[in-house]
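A quick write-up on the structure given underneath.
The values are calculated or read from the model by the stated rules, or taken from the named source; none is laboratory data. Only a predicted model underlies this, so the values are computations on that prediction, with no experimental measurement involved. Neighbour counts run over all protein chains shown; Cβ positions are idealised from the backbone, glycine included. Ligands, DNA and RNA are excluded from the accessible area calculation, which covers all protein heavy atoms including side chains. Shrake-Rupley method; radii C 1.70, N 1.55, O 1.52, S 1.80 Å.
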Amino acid sequence: MTFSCKQAPSDQALLSGLKADVNYLAADDLGGRAIGTEGEQKAADYLAVEFEKIGLEAKGTDGYFQPFTVSKPTNPHEEAVIGTDGKGVTGRNVIGFIDNQSEKTIVLGAHFDHLGMGAQGSLHRGDSAIHNGADDNASGTAALLALAKKLKHEKHNSNFLFIAFSGEENGLWGSNYFVKNPTIDLENVNFMINMDMVGRLNEEKTLAINGVGTSPSFVPLLETANSDSLKLVTSESGVGPSDHTSFYLQDLPVLHFFTGQHEDYHRPSDDSDLINYEGLLLVVKYIDRLVNQLDAEPKLAFSKTKDSSGDSPRFTVSLGVVPDYLYDGKGMRIDGVSEDKPAQAAGLMKGDVILQMGDSTIVDMMSYMRALSAFEKGDETSLTYEREGAKLEAKVKF
Ligand SMILES: [Zn+2]
(Lines give C-alpha, C1' and ligand atoms only; values in the text may rest on other atoms or scores of the structure.)
Protein backbone atom coordinates (compact mmCIF):
# COMPACT_ATOMS: atom_id res chain seq x y z
CA MET A 1 0.00 0.00 0.00
CA THR A 2 1.51 3.26 -1.04
CA PHE A 3 -1.28 5.77 -1.38
CA SER A 4 -4.24 4.71 0.75
CA CYS A 5 -4.79 6.94 3.75
CA LYS A 6 -7.15 4.60 5.56
CA GLN A 7 -7.50 0.85 5.48
CA ALA A 8 -10.33 -0.76 3.55
CA PRO A 9 -13.17 -1.70 5.93
CA SER A 10 -13.19 -5.30 7.21
CA ASP A 11 -16.28 -7.50 6.83
CA GLN A 12 -16.77 -7.19 10.56
CA ALA A 13 -16.76 -3.39 10.38
CA LEU A 14 -19.16 -3.44 7.42
CA LEU A 15 -21.50 -5.80 9.24
CA SER A 16 -21.69 -3.66 12.35
CA GLY A 17 -22.26 -0.61 10.13
CA LEU A 18 -25.16 -2.37 8.36
CA LYS A 19 -26.75 -3.25 11.71
CA ALA A 20 -26.34 0.27 13.09
CA ASP A 21 -27.77 1.90 9.95
CA VAL A 22 -30.81 -0.39 9.68
CA ASN A 23 -31.49 -0.08 13.40
CA TYR A 24 -31.34 3.70 13.27
CA LEU A 25 -33.47 4.10 10.15
CA ALA A 26 -36.10 1.51 11.09
CA ALA A 27 -36.50 2.62 14.71
CA ASP A 28 -39.92 3.82 15.92
CA ASP A 29 -38.26 7.16 16.59
CA LEU A 30 -38.18 7.84 12.83
CA GLY A 31 -41.91 7.15 12.56
CA GLY A 32 -41.73 5.22 9.28
CA ARG A 33 -39.89 7.94 7.28
CA ALA A 34 -42.79 9.17 5.12
CA ILE A 35 -41.81 12.04 2.81
CA GLY A 36 -42.32 15.43 4.40
CA THR A 37 -42.36 14.14 7.99
CA GLU A 38 -39.88 14.84 10.77
CA GLY A 39 -38.72 11.21 10.64
CA GLU A 40 -37.83 11.48 6.95
CA GLN A 41 -35.90 14.71 7.67
CA LYS A 42 -33.98 13.01 10.49
CA ALA A 43 -33.14 10.10 8.20
CA ALA A 44 -31.83 12.48 5.51
CA ASP A 45 -29.72 14.33 8.10
CA TYR A 46 -28.29 11.02 9.32
CA LEU A 47 -27.35 9.98 5.78
CA ALA A 48 -25.62 13.29 5.06
CA VAL A 49 -23.51 12.88 8.22
CA GLU A 50 -22.62 9.31 7.21
CA PHE A 51 -21.70 10.41 3.67
CA GLU A 52 -19.40 13.01 5.15
CA LYS A 53 -17.78 10.52 7.54
CA ILE A 54 -17.09 8.18 4.62
CA GLY A 55 -15.44 11.07 2.80
CA LEU A 56 -17.90 11.52 -0.06
CA GLU A 57 -18.02 14.88 -1.82
CA ALA A 58 -21.36 16.70 -1.47
CA LYS A 59 -23.22 16.56 -4.80
CA GLY A 60 -26.69 17.89 -4.03
CA THR A 61 -27.91 21.42 -4.65
CA ASP A 62 -27.71 22.32 -0.95
CA GLY A 63 -24.64 20.46 0.30
CA TYR A 64 -25.52 16.76 0.22
CA PHE A 65 -29.24 17.56 -0.11
CA GLN A 66 -31.37 17.94 -3.20
CA PRO A 67 -34.75 19.22 -2.01
CA PHE A 68 -37.83 18.86 -4.20
CA THR A 69 -41.46 19.72 -3.68
CA VAL A 70 -44.42 17.82 -4.97
CA SER A 71 -47.80 19.42 -5.37
CA LYS A 72 -50.44 16.77 -5.08
CA PRO A 73 -53.20 16.91 -7.68
CA THR A 74 -56.71 17.66 -6.55
CA ASN A 75 -58.10 15.67 -9.47
CA PRO A 76 -57.06 11.97 -9.46
CA HIS A 77 -56.61 11.95 -13.25
CA GLU A 78 -53.86 14.54 -13.10
CA GLU A 79 -50.29 13.69 -12.34
CA ALA A 80 -48.44 15.03 -9.33
CA VAL A 81 -46.19 17.93 -10.30
CA ILE A 82 -42.63 17.60 -9.06
CA GLY A 83 -40.69 20.86 -8.80
CA THR A 84 -38.60 22.93 -6.43
CA ASP A 85 -41.18 25.43 -5.27
CA GLY A 86 -44.86 25.87 -4.78
CA LYS A 87 -47.10 24.35 -2.17
CA GLY A 88 -46.96 20.69 -1.40
CA VAL A 89 -44.83 18.12 0.31
CA THR A 90 -41.06 18.56 0.36
CA GLY A 91 -38.53 15.75 0.44
CA ARG A 92 -34.76 15.64 0.06
CA ASN A 93 -32.59 13.28 -1.95
CA VAL A 94 -29.15 12.86 -0.33
CA ILE A 95 -26.28 12.78 -2.83
CA GLY A 96 -22.54 12.06 -2.45
CA PHE A 97 -19.74 11.61 -4.98
CA ILE A 98 -16.37 9.90 -5.39
CA ASP A 99 -14.40 11.83 -8.01
CA ASN A 100 -11.85 9.62 -9.76
CA GLN A 101 -11.32 12.23 -12.52
CA SER A 102 -13.12 10.00 -14.99
CA GLU A 103 -15.37 10.65 -17.99
CA LYS A 104 -17.80 7.99 -16.77
CA THR A 105 -19.80 7.74 -13.57
CA ILE A 106 -21.50 4.74 -12.02
CA VAL A 107 -24.68 5.63 -10.07
CA LEU A 108 -25.73 3.62 -7.01
CA GLY A 109 -29.08 4.35 -5.41
CA ALA A 110 -31.57 3.24 -2.77
CA HIS A 111 -34.70 4.91 -1.44
CA PHE A 112 -34.74 5.72 2.28
CA ASP A 113 -38.36 6.90 2.65
CA HIS A 114 -41.19 4.57 3.67
CA LEU A 115 -44.91 4.58 4.47
CA GLY A 116 -44.95 6.45 7.80
CA MET A 117 -48.07 5.48 9.73
CA GLY A 118 -49.50 3.55 6.82
CA ALA A 119 -52.44 5.14 5.03
CA GLN A 120 -51.66 4.95 1.31
CA GLY A 121 -49.73 1.91 0.11
CA SER A 122 -50.07 -0.09 3.31
CA LEU A 123 -51.40 -3.65 3.37
CA HIS A 124 -52.08 -3.34 7.12
CA ARG A 125 -55.69 -3.40 8.24
CA GLY A 126 -56.53 -1.98 11.63
CA ASP A 127 -55.38 0.95 13.75
CA SER A 128 -52.67 3.12 12.25
CA ALA A 129 -49.19 1.96 13.22
CA ILE A 130 -45.59 2.86 12.45
CA HIS A 131 -44.37 1.14 9.29
CA ASN A 132 -40.67 0.80 10.13
CA GLY A 133 -39.62 -0.40 6.69
CA ALA A 134 -36.49 -2.29 7.77
CA ASP A 135 -36.32 -4.36 4.60
CA ASP A 136 -38.15 -1.68 2.55
CA ASN A 137 -35.75 0.03 2.39
CA ALA A 138 -33.48 0.64 5.35
CA SER A 139 -31.71 -2.49 4.06
CA GLY A 140 -30.91 -0.97 0.65
CA THR A 141 -29.92 2.36 2.22
CA ALA A 142 -27.52 0.59 4.61
CA ALA A 143 -26.13 -1.37 1.64
CA LEU A 144 -25.58 1.94 -0.19
CA LEU A 145 -23.47 3.24 2.73
CA ALA A 146 -21.50 -0.03 2.93
CA LEU A 147 -20.75 0.12 -0.80
CA ALA A 148 -19.59 3.72 -0.48
CA LYS A 149 -17.17 2.61 2.27
CA LYS A 150 -15.83 -0.20 0.06
CA LEU A 151 -15.62 1.73 -3.21
CA LYS A 152 -13.88 4.64 -1.49
CA HIS A 153 -10.94 2.33 -0.71
CA GLU A 154 -10.53 0.58 -4.04
CA LYS A 155 -8.91 1.85 -7.22
CA HIS A 156 -11.33 2.50 -10.10
CA ASN A 157 -11.66 3.88 -13.60
CA SER A 158 -15.08 5.44 -12.96
CA ASN A 159 -16.47 8.07 -10.63
CA PHE A 160 -19.29 7.03 -8.30
CA LEU A 161 -22.47 8.88 -7.45
CA PHE A 162 -24.46 7.68 -4.41
CA ILE A 163 -28.09 8.76 -4.14
CA ALA A 164 -30.47 8.05 -1.29
CA PHE A 165 -33.90 8.85 -2.75
CA SER A 166 -36.96 10.19 -0.97
CA GLY A 167 -40.58 9.93 -2.17
CA GLU A 168 -40.14 6.49 -3.75
CA GLU A 169 -43.19 5.02 -2.04
CA ASN A 170 -45.41 7.79 -3.46
CA GLY A 171 -44.41 7.07 -7.06
CA LEU A 172 -40.62 7.29 -7.61
CA TRP A 173 -40.71 11.04 -6.92
CA GLY A 174 -37.10 11.50 -5.82
CA SER A 175 -35.52 9.56 -8.68
CA ASN A 176 -37.88 11.16 -11.18
CA TYR A 177 -36.86 14.61 -9.92
CA PHE A 178 -33.16 13.69 -10.01
CA VAL A 179 -33.12 12.48 -13.65
CA LYS A 180 -34.90 15.68 -14.71
CA ASN A 181 -32.61 17.84 -12.54
CA PRO A 182 -29.36 15.87 -12.45
CA THR A 183 -26.41 17.24 -10.47
CA ILE A 184 -23.94 15.57 -12.85
CA ASP A 185 -24.18 15.29 -16.64
CA LEU A 186 -26.41 12.26 -17.37
CA GLU A 187 -24.42 11.78 -20.60
CA ASN A 188 -21.54 10.58 -18.43
CA VAL A 189 -23.56 8.02 -16.51
CA ASN A 190 -22.31 4.52 -17.28
CA PHE A 191 -25.09 2.54 -15.57
CA MET A 192 -27.28 2.64 -12.45
CA ILE A 193 -27.52 0.10 -9.60
CA ASN A 194 -30.68 0.17 -7.46
CA MET A 195 -31.05 -1.68 -4.17
CA ASP A 196 -34.63 -1.96 -2.93
CA MET A 197 -35.42 -4.66 -0.32
CA VAL A 198 -32.17 -6.59 0.00
CA GLY A 199 -32.39 -7.57 3.67
CA ARG A 200 -34.18 -10.93 3.55
CA LEU A 201 -31.73 -13.25 1.79
CA ASN A 202 -33.23 -16.74 2.25
CA GLU A 203 -31.51 -20.05 3.03
CA GLU A 204 -30.98 -20.84 -0.63
CA LYS A 205 -29.34 -17.39 -0.91
CA THR A 206 -31.67 -16.33 -3.73
CA LEU A 207 -30.92 -12.90 -5.14
CA ALA A 208 -33.20 -11.45 -7.80
CA ILE A 209 -31.57 -9.15 -10.35
CA ASN A 210 -33.95 -7.21 -12.58
CA GLY A 211 -32.93 -5.23 -15.67
CA VAL A 212 -30.26 -7.65 -16.95
CA GLY A 213 -31.49 -7.03 -20.51
CA THR A 214 -30.73 -3.29 -20.37
CA SER A 215 -27.10 -3.79 -21.48
CA PRO A 216 -25.45 -6.70 -23.31
CA SER A 217 -22.52 -6.43 -20.86
CA PHE A 218 -24.50 -7.55 -17.81
CA VAL A 219 -25.37 -11.21 -18.38
CA PRO A 220 -21.83 -12.52 -19.12
CA LEU A 221 -20.52 -11.07 -15.83
CA LEU A 222 -23.32 -11.98 -13.41
CA GLU A 223 -22.00 -15.47 -12.63
CA THR A 224 -18.34 -14.44 -12.86
CA ALA A 225 -18.90 -12.15 -9.89
CA ASN A 226 -20.77 -14.86 -7.98
CA SER A 227 -18.02 -16.29 -5.78
CA ASP A 228 -20.35 -16.73 -2.77
CA SER A 229 -22.64 -19.14 -4.69
CA LEU A 230 -25.76 -16.99 -4.54
CA LYS A 231 -28.72 -18.35 -6.45
CA LEU A 232 -29.29 -15.62 -9.04
CA VAL A 233 -32.78 -15.23 -10.51
CA THR A 234 -32.82 -12.66 -13.30
CA SER A 235 -35.35 -10.73 -15.35
CA GLU A 236 -34.71 -8.64 -18.43
CA SER A 237 -36.93 -5.59 -18.07
CA GLY A 238 -35.65 -2.19 -17.02
CA VAL A 239 -39.13 -1.18 -15.88
CA GLY A 240 -40.20 -2.17 -12.37
CA PRO A 241 -41.77 -0.72 -9.25
CA SER A 242 -38.66 1.10 -8.03
CA ASP A 243 -36.21 3.94 -8.77
CA HIS A 244 -34.11 2.21 -11.46
CA THR A 245 -37.10 2.74 -13.76
CA SER A 246 -36.47 6.52 -13.76
CA PHE A 247 -32.92 5.93 -15.07
CA TYR A 248 -33.94 3.25 -17.58
CA LEU A 249 -36.43 5.71 -19.08
CA GLN A 250 -33.43 8.01 -19.75
CA ASP A 251 -31.91 5.19 -21.86
CA LEU A 252 -29.40 4.14 -19.20
CA PRO A 253 -28.51 0.53 -18.33
CA VAL A 254 -29.90 -0.40 -14.89
CA LEU A 255 -29.87 -3.30 -12.43
CA HIS A 256 -32.26 -3.71 -9.51
CA PHE A 257 -31.28 -6.03 -6.65
CA PHE A 258 -34.00 -7.66 -4.53
CA THR A 259 -34.06 -10.54 -2.02
CA GLY A 260 -37.76 -11.26 -2.46
CA GLN A 261 -41.27 -10.59 -1.28
CA HIS A 262 -42.47 -11.57 2.21
CA GLU A 263 -45.56 -11.31 4.37
CA ASP A 264 -44.26 -8.28 6.30
CA TYR A 265 -44.07 -6.27 3.06
CA HIS A 266 -45.75 -2.85 3.51
CA ARG A 267 -46.88 -3.86 7.00
CA PRO A 268 -45.85 -2.55 10.45
CA SER A 269 -44.04 -5.87 11.07
CA ASP A 270 -41.23 -5.11 8.55
CA ASP A 271 -38.78 -4.74 11.47
CA SER A 272 -35.01 -4.67 11.90
CA ASP A 273 -34.81 -7.90 13.92
CA LEU A 274 -36.05 -9.82 10.86
CA ILE A 275 -33.16 -8.65 8.67
CA ASN A 276 -30.56 -11.23 7.63
CA TYR A 277 -27.46 -9.06 8.20
CA GLU A 278 -24.96 -11.71 7.08
CA GLY A 279 -27.05 -12.07 3.94
CA LEU A 280 -27.14 -8.31 3.45
CA LEU A 281 -23.34 -8.28 3.60
CA LEU A 282 -23.22 -11.04 0.93
CA VAL A 283 -25.39 -8.85 -1.31
CA VAL A 284 -23.09 -5.86 -0.73
CA LYS A 285 -20.01 -7.92 -1.55
CA TYR A 286 -21.63 -9.37 -4.66
CA ILE A 287 -22.54 -5.91 -5.96
CA ASP A 288 -19.04 -4.65 -5.16
CA ARG A 289 -17.42 -7.46 -7.19
CA LEU A 290 -19.83 -6.93 -10.08
CA VAL A 291 -19.28 -3.16 -10.08
CA ASN A 292 -15.50 -3.72 -10.12
CA GLN A 293 -15.78 -5.99 -13.16
CA LEU A 294 -18.11 -3.60 -14.98
CA ASP A 295 -15.84 -0.68 -14.11
CA ALA A 296 -13.02 -2.40 -16.04
CA GLU A 297 -15.17 -2.51 -19.22
CA PRO A 298 -15.63 0.36 -21.67
CA LYS A 299 -18.80 2.45 -21.12
CA LEU A 300 -21.72 0.05 -21.36
CA ALA A 301 -24.06 -0.05 -24.34
CA PHE A 302 -27.76 0.42 -23.57
CA SER A 303 -30.48 -1.91 -24.83
CA LYS A 304 -34.21 -1.40 -24.63
CA THR A 305 -36.15 -4.27 -23.11
CA LYS A 306 -39.66 -5.53 -23.72
CA ASP A 307 -41.76 -3.80 -21.12
CA SER A 308 -45.15 -3.91 -19.62
CA SER A 309 -46.72 -1.15 -21.72
CA GLY A 310 -46.50 -2.80 -25.16
CA ASP A 311 -46.10 -6.51 -24.79
CA SER A 312 -47.54 -7.74 -21.62
CA PRO A 313 -51.12 -8.91 -21.45
CA ARG A 314 -53.90 -6.76 -20.06
CA PHE A 315 -56.11 -8.07 -17.32
CA THR A 316 -59.69 -7.42 -16.47
CA VAL A 317 -59.74 -10.05 -13.70
CA SER A 318 -57.42 -11.19 -10.92
CA LEU A 319 -57.13 -14.33 -8.81
CA GLY A 320 -56.19 -12.34 -5.72
CA VAL A 321 -52.78 -13.92 -5.11
CA VAL A 322 -49.25 -12.61 -4.64
CA PRO A 323 -47.03 -14.57 -7.05
CA ASP A 324 -43.65 -15.78 -5.77
CA TYR A 325 -41.29 -13.92 -8.08
CA LEU A 326 -38.28 -15.91 -6.90
CA TYR A 327 -39.77 -19.29 -7.81
CA ASP A 328 -38.01 -20.74 -10.84
CA GLY A 329 -39.61 -24.18 -11.02
CA LYS A 330 -42.41 -25.09 -13.41
CA GLY A 331 -45.70 -23.27 -12.82
CA MET A 332 -46.60 -20.21 -10.74
CA ARG A 333 -46.09 -20.52 -6.98
CA ILE A 334 -48.38 -18.52 -4.70
CA ASP A 335 -46.70 -16.44 -2.03
CA GLY A 336 -49.85 -15.00 -0.50
CA VAL A 337 -53.64 -15.12 -0.88
CA SER A 338 -55.82 -12.01 -0.49
CA GLU A 339 -59.00 -12.03 1.54
CA ASP A 340 -62.34 -12.39 -0.25
CA LYS A 341 -60.89 -12.91 -3.74
CA PRO A 342 -61.41 -15.82 -6.21
CA ALA A 343 -58.29 -17.76 -5.15
CA GLN A 344 -59.34 -17.78 -1.51
CA ALA A 345 -62.88 -18.81 -2.44
CA ALA A 346 -61.41 -21.72 -4.43
CA GLY A 347 -59.36 -22.85 -1.40
CA LEU A 348 -55.90 -21.95 -2.74
CA MET A 349 -53.14 -21.39 -0.22
CA LYS A 350 -49.65 -19.94 0.05
CA GLY A 351 -47.16 -22.46 -1.39
CA ASP A 352 -49.56 -23.93 -3.99
CA VAL A 353 -48.13 -24.08 -7.50
CA ILE A 354 -50.59 -23.42 -10.34
CA LEU A 355 -49.91 -25.70 -13.32
CA GLN A 356 -52.98 -25.35 -15.51
CA MET A 357 -55.70 -22.74 -15.89
CA GLY A 358 -58.54 -23.58 -18.29
CA ASP A 359 -56.89 -24.60 -21.58
CA SER A 360 -53.53 -23.03 -20.74
CA THR A 361 -50.56 -24.83 -19.24
CA ILE A 362 -48.74 -22.58 -16.80
CA VAL A 363 -44.97 -22.95 -17.02
CA ASP A 364 -43.87 -19.60 -15.60
CA MET A 365 -45.05 -16.14 -14.58
CA MET A 366 -45.47 -14.94 -18.17
CA SER A 367 -47.68 -17.88 -19.18
CA TYR A 368 -49.72 -17.36 -16.01
CA MET A 369 -50.29 -13.72 -16.94
CA ARG A 370 -51.19 -14.68 -20.52
CA ALA A 371 -53.67 -17.26 -19.28
CA LEU A 372 -55.22 -14.78 -16.86
CA SER A 373 -55.66 -12.15 -19.56
CA ALA A 374 -58.05 -14.44 -21.45
CA PHE A 375 -60.74 -14.27 -18.73
CA GLU A 376 -63.42 -11.74 -17.98
CA LYS A 377 -65.40 -10.98 -14.87
CA GLY A 378 -67.99 -13.70 -14.21
CA ASP A 379 -66.07 -16.41 -16.13
CA GLU A 380 -65.57 -19.77 -14.49
CA THR A 381 -62.64 -22.07 -15.12
CA SER A 382 -60.83 -25.08 -13.71
CA LEU A 383 -57.40 -24.91 -12.11
CA THR A 384 -54.82 -27.61 -11.62
CA TYR A 385 -52.31 -27.00 -8.87
CA GLU A 386 -49.73 -28.84 -6.83
CA ARG A 387 -49.78 -28.91 -3.04
CA GLU A 388 -47.11 -30.88 -1.16
CA GLY A 389 -46.50 -33.17 -4.12
CA ALA A 390 -50.18 -33.90 -4.83
CA LYS A 391 -52.00 -32.62 -7.92
CA LEU A 392 -55.34 -31.05 -7.06
CA GLU A 393 -58.18 -29.45 -8.98
CA ALA A 394 -60.29 -26.44 -8.15
CA LYS A 395 -63.00 -24.36 -9.77
CA VAL A 396 -62.56 -20.59 -9.81
CA LYS A 397 -65.08 -17.90 -10.55
CA PHE A 398 -63.69 -14.49 -11.42
ZN1 LIG B 1 -39.08 -0.07 -1.57
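Listed values, structure above:
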item	result
Prolate/oblate/rounded call for the stretch 95-155, Cα gyration tensor, a/c under 1.5 rounded	prolate
Check: the chain dipole with +1 on Lys, Arg Cβ and -1 on Asp, Glu Cβ, in debye	440 debye
Spin-label pair Q7/K397, simplified geometry with 7 Å Cα→Cβ offset, distance in nm	7.0 nm
J(HN,Hα) series, the stretch 96-106, from Karplus relation 6.51 cos²θ - 1.76 cosθ + 1.60, nearest Hz, glycine and proline x	x, 9, 10, 9, 9, 6, 10, 7, 10, 10, 9
Residue with peak Gaussian network fluctuation, the chain [Cα springs, cutoff 10 Å], from D11, D340, D29	D340
Sequence-distant residues sharing a close amide H with K350 (under 5 Å, placed H)	V337
Fluctuation leader among A146, A134, A345 - the chain, Gaussian network, Cα springs under 10 angstrom	A345
The chain: antiparallel DSSP beta bridges as a percent of all, rounded to 5	65 percent
Karplus-derived HN-Hα couplings along the stretch 384-398 (A = 6.51, B = -1.76, C = 1.60, θ = phi - 60°), whole Hz, x at Gly and Pro	10, 9, 10, 9, 6, x, 9, 8, 10, 10, 8, 9, 10, 10, 7
Label-point gap, in nm, between S318 and D251 - each point 7 angstrom along Cα→Cβ	3.5 nm
Added length on full extension, which subtracts the Cα-Cα distance from 0.36 nm per residue, A20 to K155	45.9 nm
Coil-residue trypsin sites (Lys or Arg not before Pro) of the stretch 322-398, DSSP, other Cβ within 10 Å capped at 15	K330, K350, K377
Solvent-accessible area, 1.4 Å probe, carbon plus sulfur percent, for the chain	48 percent
Residues listed by number, the stretch 186-220, amide nitrogen under 16 Å from K304 label point at 7 Å toward C-beta	213-216
Per DSSP, loop GluC sites (Glu not before Pro) in the stretch 335-398 with at most 13 further Cβ within 10 Å	E339, E376, E388
When the convex hull of its Cα atoms is projected in every direction, mean area for the stretch 85-187 (nm²)	7.9 nm²
The chain shape via C-alpha gyration tensor axes, a/c threshold 1.5	prolate
Estimated FRET transfer efficiency when R0 is 41 angstrom, pair D45-S227 (beta carbons, to 0.05)	0.65
Gaussian network model of the chain, Cα within-10 Å springs - most flexible of L255, L300, L47	L300
FRET efficiency for N100 and R370, using Cβ-Cβ distance with R0 set to 45 Å, rounded to 0.05	0.45
Tensor-based shape of the stretch 161-281 (alpha-carbon gyration tensor, a/c under 1.5 rounded, otherwise prolate or oblate)	oblate
Per residue, in Å², the accessible surface of the stretch 235-333 once ligands and nucleic acids are set aside, probe 1.4 Å	44 Å²
Degrees, to the nearest 10: 11-25 long Cα axis against longest axis of the chain	70 degrees
Extended-chain gain in nm, criterion 0.36 nm per residue less alpha-carbon gap, K350 and V363	2.9 nm
Heavy-atom surface of the stretch 335-398, accessible at 1.4 Å and reported per residue (Å²)	58 Å²
Förster radius 22 Å - calculated FRET efficiency between A390 and E339, Cβ distance, rounded to 0.05	0.30
Within the stretch 150-239, GluC sites (Glu not before Pro) in DSSP loop having at most 13 other beta-carbon neighbours inside 10 Å	E154, E203, E204, E223
Backbone HN-Hα couplings from phi across the stretch 209-216 [Karplus 6.51/-1.76/1.60, Hz, Gly and Pro as x]	10, 9, x, 5, x, 7, 8, x
Stretchable slack from D379 to D273, in nm (0.36 nm times residue separation minus alpha-carbon distance)	33.7 nm
